Amino acid sequence: MFKKYQIYFSSALDDLKNERKELLKIITELGAIPVSMENFDINSAEDLELIKKAIQESDYFVNLIAYKCGPAAGKTFSAEIEYTWAQKFQVPVLSFIIDEKARWKASKKEKSKESAKALEHFKKRLRENHAINWTTTADLCQKAYTCLVREMNLNPRQGWVRGNDSAMPVTANELARLSSENDYLRSRMRIQGSDTSPTEEQIKHCLKVLAANKISLSFWYTTSENWEDTMVIRYIKLFRLLSPELIIAKNTLELTRFLGAILNPNLEKTVRKENPTPTNTIKKIMADFCLLRLARAISLDDEAWELTEYGREVFAAYRLRQMSRAIHRAQQEKSAEV
């Protein structure tokens, strides 16, 4: 049964048009349902109830803040009221606040000192609950993508399914019984060494996806002033290199150091110790591995990742295929000698 998450998206409208468009695109690409109430009036009693209901029924709440409050609502503004409801209904919140060092047009900032002060108070409130800073649209997109994938993996929610996919009580009970039996049989099969899940076709498809996709990776040397020697690398190679490392959980910084050292394209230069490869690129790679169920995030604070059981099985199948090819080559060489 395919489950979709509903994500409530809260932000001001007139200063974040491009950023809103990109985030809504990311939410949709992740298979989620974006909900935004910009066409409703929070000062209308009827609309207020609709907004409150939409937040209560959402699985996650995304807050995007720059330098404008948005529509006023009584003594405060709509974004703060929506955030308060998200907290009340215990909806997980992801807040993205523009960094103070980011370049921003003065015309896109609050003119009223009172409004600016209220906005700063709201930002302080958000930061008390782990907000993420962003500087550019690209930086925002990268962080939002990584955070959403990580949140969906670490904190799965109820989500939504199509009406014709939902089960009647009798059917649900039968499915629960069959699921219990299936778990028992699987455990017996594992003991006997005959468990065949996941299927060979699933593993083959996953390896094909890894082989077909590429990503650019740059390097920063001890003598560099910027990123250099950008190389395009296939995901299958990254999976081969990272899988043994991820048997034991590694954080993002450890992975940047590992890939920087092992993939250094210019051995005459030494990569720097801290962030020899871009952390944003590493996060994207790991987020993609999470989407393929090959890895999972295990810590929000340290950004730590580890291989899943499925990821181990895919890696085992890949290594077995490699070793089998070595046997085949040895047989060919022996036949050629004869």
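The values are calculated or read from the model by the stated rules, or taken from the named source; none is laboratory data. This structure is a prediction, so every number in the text was calculated from the model and none was measured. Reconstructed Cβ throughout: ideal geometry from the backbone, glycine too, with neighbour counts over all protein chains shown. Ligands, DNA and RNA are excluded from the accessible area calculation, which covers all protein heavy atoms including side chains. Shrake-Rupley method; radii C 1.70, N 1.55, O 1.52, S 1.80 Å.
Structure notes:
- Test: residue in region 9-17 that is out of contact with any Asp or Glu (no Cβ under 6 Å at 6 or more places or on another chain), part of a helix (DSSP H, G or I), modelled with pLDDT of 85 or more and among the hydroxyl-bearing types (Ser, Thr, Tyr): no
- Among residues of region 183-224, those that are assigned to a loop (DSSP other than H, G, I, E, B), modelled with pLDDT under 90 and open to solvent by 100 Å² or more (accessible area, probe 1.4 Å), counted: 2
- Of the residues making up region 32-55, those that are touching a strand residue (DSSP E or B) at 6+ places or on another chain (Cβ under 6 Å) and either farther than 11 Å from Ser78 by Cα or at pLDDT 90 or above (or both) are Ala32, Ile33, Pro34, Val35, Ser36, Ala54, Ile55.
- Just one of the listed residues (Arg257, Arg312) is crowded, with 17+ Cβ neighbours inside 10 Å and of a type in the set (Lys, Arg), and it is Arg257.
- Residue identified as of a type in the set (D, E, K, R) and exposed (fewer than 14 other Cβ atoms within 10 Å of the Cβ) among Lys4, Lys68, Lys75: Lys75
- Criterion (at pLDDT 90 or above and among the small types (Gly, Ala, Ser)) met by exactly one of Ala295, Ala249: Ala295
- For region 19-36, the set of residues classified as open to solvent by 30 Å² or more (accessible area, probe 1.4 Å), out of contact with any Pro (no Cβ under 7 Å at 6 or more places or on another chain) and without any contact (Cβ under 8 Å) to a residue 40 or more places away in the chain consists of Lys21, Lys25, Glu29, Pro34, Ser36, listed by residue number.
- Count - residues of region 241-268 that are over 18 Å from the mean Cα position of the chain (by Cα), part of a helix (DSSP H, G or I) and over 15 Å from Asp288 (Cβ atoms): 9
- Residue list for region 105-134, filter: more than 25 Å from the chain's Cα centre (by Cα), closer than 23 Å to Ala144 by Cα and open to solvent by less than 50 Å² (accessible area, probe 1.4 Å): Leu119, Phe122
- Unmet criterion (only one of (1) farther than 23 Å from Ala212 by Cβ; (2) at pLDDT 90 or above) for Arg234: (1)
- When restricted to residues that are open to solvent by less than 30 Å² (accessible area, probe 1.4 Å) and either among the polar types (S, T, N, Q) or in a helix (DSSP H, G or I) (or both), region 269-298 contains 9.
- Filter result (more than 21 Å from Arg20 (Cβ to Cβ) and assigned to a loop (DSSP other than H, G, I, E, B)) within region 101-125: Lys101, Lys111, Ser112
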